[in-house]
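**Q** What follows is a single structure, and I will ask about it in a moment.
The values are calculated or read from the model by the stated rules, or taken from the named source; none is laboratory data. In this text the structure is predicted, and so the values were computed from the model without any measurement. Every residue, glycine as well, gets a Cβ built from its backbone with ideal geometry; the counts of neighbours run over all protein chains shown.
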Amino acid sequence: MSTEIKVPFTRPSINEEEEKAVLEVIRSGWLTTGKVTLAFEKEFSDFMNSGLKEKNVMSLAVNSNTSGMILAMHACGVKPGTAVITTPYTFVSTAACAKHLGADVIFCDIEKDSYNIDPDKIQKILEENEKSRKYNIKAIVPVHIAGTLCNMKRILELAKKYNLRVIEDAAHSFPSLTESGYAGTLGDCGVFSFYATKPLTTGEGGMVCTKDPELLRTMQIMRLHGMDRTTWDRYTSPKASWQYDIVAPGYKFNLPDILSAIGRVQLKKTEEFYQKRKHICDIYNREFSKIDFVEIPPDTEGNAWHLYLLRLKLDKLKINRDDFSKQLQENGIGVSMHFIPLFHFSYWQSLDSSFTKDNYPNAEDHFIRTITLPLWPDMSDEMAYETIEAVKKIGKENYAG
């Protein structure tokens, strides 16, 4: 008999407002990318620009973060004969996008006290490559894990020094606001995810942000088959709909209106959702700070609190992370893992014999100690305390002192 999950790992916060918006699109007779998506892009840009002195952020809606990363990398010159620097502590798509474009991937370990890429180690890679000229490095791809921000000041300084592009994988970082602006607007491009578990969801989808009109235009063309006209323009412009040119071998990465309608409603709830997540995280942090066999997650300026990454102190426990997670599930608590470092996967191992856990000790240490606990906007305080009590119970039963 399967264990009943009393506290789900996540649930989307969707209600009648999103349902109404979707029905309006269905009844309009236009389901694919059109005026609703254009409105979503503008509203997202307006939101991003609210954190900036210069209101110059532009947005492009896509059908996934992965699609957006491919478009951003392509526009920034990632192609065969080039390389990107990124972290092994991420979902596989971050690095896979570079491989899709024929580029090499150089992995850099994360910081000892955070889940984010280490700028000191990026600098070392760049200095060594200056001597060896082994790679034609084109971009740095930092990943803001769980809503905590990478050290973008250092990363941007390195990018400027070595004439590199910066493409932020901002899948976890909406709405992370710093003194310099929102995460995803700090580099050349920033790519968000609107997957079902994200702070803003469209079910599937994403958004690319940039301040560079040339990058935007390239991504607009490549988003839809390399056409020089959008579908909405072809069917609403006085110019004949069948007249268009193919100027590049593009993709099919557009976001349809039926999903953009959900996103527009969700965007209006950004602050409400953030405050609700933060409230649960405040409960977690307060209670877990009292326990000596766990560590609360790292925090940064503008933390979006997308995921709650609880770290175990394995020297104080008789069981490992996997057993602890299994017992949480047996106690009705839904959990996940963020992330399995890429050096654990056979494909990436096959590309480089040195790509092992021994060469990325911080990523491995965080991986073997981390459990992602339930967190979503409509989660109740009772669910949070039930999760806390389960952690306490398992720790007490398996305490090594």
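**Q** Go through region 112-131 and report how many residues are crowded, with 20+ Cβ neighbours inside 10 Å and within 18 Å of His144 (Cα to Cα).
**A** 7
**Q** While we're here: Might you let me know whether region 74-91 holds any residue that is crowded, with 19+ Cβ neighbours inside 10 Å, closer than 16 Å to Gly187 by Cα and under 14 Å from the mean Cα position of the chain (by Cα)?
**A** yes
**Q** Given the structure, is Lys35 among the basic types (Lys, Arg) and out of contact with any helix residue (DSSP H, G or I) (no Cβ under 9 Å at 6 or more places or on another chain)?
**A** Judged against the criteria, Lys35 is not a match.
**Q** Among (1) under 25 Å from the mean Cα position of the chain (by Cα); (2) at pLDDT below 95; (3) not β-branched (Val, Ile, Thr), which single condition is Ala39 missing?
**A** (2)
**Q** Within region 252-332, which helices (runs of 4 or more DSSP H) (wholly inside it) include 3 or more residues that are within 29 Å of Lys42 (Cβ to Cβ)?
**A** 257-268, 270-288
**Q** Take residues that are more than 25 Å from Gln123 (Cα to Cα) and tell me which of the strands (runs of 3 or more DSSP E) falling wholly in region 151-221 contain 1 or more.
**A** Ranges flagged: 189-193, 206-210.
**Q** Now, a different point. For region 347-364, state whether one or more residues are of a type in the set (Phe, Trp, Tyr) and without any contact (Cβ under 8 Å) to a residue 40 or more places away in the chain.
**A** yes
**Q** Ok, one more. Right, Ala170: under 11 Å from the mean Cα position of the chain (by Cα), crowded, with 24+ Cβ neighbours inside 10 Å and without any contact (Cβ under 8 Å) to a residue 60 or more places away in the chain or not?
**A** When the stated conditions are applied, Ala170 passes them.
**Q** Among (1) among the small types (Gly, Ala, Ser); (2) modelled with pLDDT of 95 or more; (3) farther than 19 Å from Asp212 by Cβ, there is one condition Ser50 misses while meeting the rest; what is its number?
**A** So the condition that Ser50 fails would be (2).
**Q** Yes or no: region 364-373 includes at least one residue that is over 30 Å from Lys99 (Cβ atoms) and surrounded by 14 or more Cβ atoms within 10 Å (Cβ to Cβ).
**A** yes
**Q** When you go through Cys97, Cys108 one by one, which is the residue that is surrounded by 14 or more Cβ atoms within 10 Å (Cβ to Cβ), free of Cβ contacts under 8 Å to residues at least 60 places away in the same chain and farther than 23 Å from Gln220 by Cα?
**A** Just one listed residue meets the conditions, Cys108.
**Q** Of all the residues that make up region 68-103, how many are in a helix (DSSP H, G or I), among the aliphatic types (A, V, I, L, M) and closer than 23 Å to Asn362 by Cβ?
**A** 3
**Q** Mind checking which pairs have a first residue in region 274-293 that is in the same structural domain as Leu312 (by TED's automatic domain parsing) and a second that is at pLDDT 95 or above and surrounded by fewer than 17 Cβ atoms within 10 Å (Cβ to Cβ), Cβ under 6 Å, 6 or more apart or different chains?
**A** Going by the 6 Å Cβ cut-off, the qualifying pairs are Phe293/Lys313; Phe293/Lys316.
**Q** Among the residues of region 25-57, which ones are touching a strand residue (DSSP E or B) at 6+ places or on another chain (Cβ under 6 Å), of a type in the set (A, V, I, L, M) and crowded, with 19+ Cβ neighbours inside 10 Å?
**A** If the condition is that a residue be touching a strand residue (DSSP E or B) at 6+ places or on another chain (Cβ under 6 Å), of a type in the set (A, V, I, L, M) and crowded, with 19+ Cβ neighbours inside 10 Å, then Met48, Val57 are the ones that fit.
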